[in-house]
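See structure below.
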Amino acid sequence: MNYLEHLEFHCGEFTNQFETEELLEQAVQFLQFDDSPATDAFTISTLGLHWHTLQNEDGTQTHQELLLSFKQKRAYEDVLELLWQLTTHALETHHAFELGEYFELPPNVFKRLKFSSIYVATPFYFDESFHVYEGDEQTVLPVWFIPIFPSEEAFIEAHGVERFNELLYKTDDALLDLKRKPLV
């Protein structure tokens, strides 16, 4: 099973692909999956980023693919812009995304919403077998991005990533709704 087959096994067949010339030069594109991880949600994932070796803070190397899931179909442009910026950042810096870190949202993404940052997590709404792909040539970690509010950032700073993850894991599919209320 290759990584695309792994994605489709867990997310269903891809229904759309998005390509930009700049990323295609790096053999990276975006794929859309419908009804994943919930029946009324969409997931957009990179495909091809895993062929680029990224470095963790501790100096080890990893291979990642990026994804974001959401319910609001009209958020496509923002999601694609955000994933494009995150993917471009990874390709330019060769730095891996670390679980539990968060990044300030670009000013042109999710303007109408009150999110301030994007949080890096394992794709815990998906089946656990999706969390790591063990291929013949490499191991790939899908990295799931969750938009968060300033109050949630403050909670992470005050109480740590573990406590914040506990809050996240207690949600059913609330994190897929871009109109959600803050958890704290």
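The values are calculated or read from the model by the stated rules, or taken from the named source; none is laboratory data. The shown structure was predicted, so the numbers you read here are calculated from the model rather than taken from an experiment. Cβ sites come from the backbone with ideal geometry, for glycine too, and all protein chains shown count toward neighbours. Surface accessibility is based on the protein's heavy atoms, side chains included, excluding ligands, DNA and RNA. Shrake-Rupley method; radii C 1.70, N 1.55, O 1.52, S 1.80 Å.
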VAL132 vs. criteria free of Cβ contacts under 8 Å to residues at least 12 places away in the same chain and under 30 Å from TRP51 (Cβ atoms): yes
Inter-residue pairs, beta-carbon under 6 Å, first closer than 18 Å to ALA174 by Cβ and in the stretch 146-159, second open to solvent by less than 20 Å² (accessible area, probe 1.4 Å) and in a helix (DSSP H, G or I), 6+ apart: ILE146/LEU175; PHE155/PHE164; ILE156/PHE164
Members of the stretch 129-173 that are hydroxyl-bearing (Ser, Thr, Tyr) and over 17 Å from PHE115 (Cβ atoms): SER129, TYR133, THR139, TYR169
Residue match in the stretch 35-53 (condition: more than 14 Å from the chain's Cα centre (by Cα), more than 15 Å from THR93 (Cα to Cα) and of a type in the set (Val, Ile, Thr)): yes
Total residues in the stretch 125-147, condition in a strand (DSSP E or B), open to solvent by 30 Å² or more (accessible area, probe 1.4 Å) and not hydrophobic (A, V, I, L, M, F, W, C): 2
Some residue of the stretch 156-164 being exposed (fewer than 11 other Cβ atoms within 10 Å of the Cβ) and either within 15 Å of the chain's Cα centre (by Cα) or under 19 Å from THR43 (Cβ atoms) (or both): no
Pair list, Cβ < 7 Å and 6+ apart or interchain, from the stretch 2-15 residues that are farther than 14 Å from SER69 by Cα and outside any helix (DSSP H, G or I) to residues that are of a type in the set (Phe, Trp, Tyr) and modelled with pLDDT of 95 or more: THR15/PHE33
